[in-house]
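Here is the structure we will look at.
Every number in this text was worked out from the coordinates using simple rules, so none of it is lab data. Here the structure is a predicted model, which means the values were calculated and not measured. Positions of Cβ are generated from backbone atoms using ideal geometry, with glycine treated the same way; all protein chains shown enter the neighbour counts.
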Amino acid sequence: MSTTASPPQATDRPKPNAGAERSISRSTERPVPNWAARMAHAVPLLVLPSSVWRFPVAFGFDMGMVDPEAGPWVWWAFPYTFGLIAVTELLAYLTVGLVSRWGEVTPHWMPLIGGRRVRRLAAVIPATIGGVLLTALWAVEPILGAFGLFGLTTIEFRNGWWEAIGIVAYTPLALWGPVLLAVTASYARRRRPRPIRT
């Protein structure tokens, strides 16, 4: 008499790793927490409104700003403004590297350093310094300027509408520094050397 094995039940299947369920795979050595991945990818979007706001400035439009000392439009304002936009977005995108494989091993197409492992502190130290500076620039300085402290002042606009547009465009930048610091802390913790078991 022959018998056939019953098909495996759903309960017999291996359970997925709980840590993997709480993280988003980025082909990194260790799982990246969901919150860190989302925050890192949000940074370029936080910078985008201010970049869009700068576009008209490249063509000599003042966006409602009142500056008695401002001179006439000059030709180099165009490459300068677009260069500033490009550099800003590039720096913002570097945050994504803290949750990606290329933040741990440099891409192979890069000359001299391609394919090499990124040292933990080589990413953590610049990112931490950048996060502190960005927090001071976009979060602390506007508050000090609003109260006229330390000789800092705020930009004046022709009316409330122009001021509202400026606030909407630049307020998200206040989150750039704190978000970068949080993602950097996650990166540093994730890439801590594993303890050697004896």
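Brief remarks on what is shown
- Average Cα contact separation per residue, segment 28-190, under 8 Å, 6 or more apart, as relative contact order %: 36 percent
- Listing Phe59, Phe78 from fewest to most neighbouring C-beta atoms within 10 Å gives Phe59, Phe78.
- Note on Met39, Met63, Met110: ascending count of other Cβ atoms within 10 Å places them as Met110, Met63, Met39, the fewest first.
- For the peptides 118-127, 98-107, residues were scored by their other Cβ atoms within 10 Å and the scores averaged per peptide; the highest-first order is 98-107, 118-127.
- Each 5 Å bin, from zero up to the one with the longest distance, holds this percent of the alpha carbon pairs of segment 28-190: 1, 8, 14, 17, 17, 15, 10, 7, 6, 3, 1, 0.
- Each of Phe61, Leu180, Val74 was placed along the dipole of segment 28-190 (beta-carbon charges, centred on the mean Cα), and the one lying farthest toward the positive end is Leu180.
- Charge context of Trp162, other residues only, Cβ under 14 angstrom, K/R +1, D/E -1: -3
- Shown for Ile167, Ile85: other C-beta atoms within 10 Å of each C-beta, ranked fewest to most, produce the order Ile167, Ile85.
- Under the simplified labelling scheme, the Arg30-Val74 pair shows an inter-label distance of 5.0 nm, with each label point 7 Å from Cα along Cα→Cβ.
- Cut-off under 5 Å, modelled amide H: who pairs with Val105 long-range: Val118
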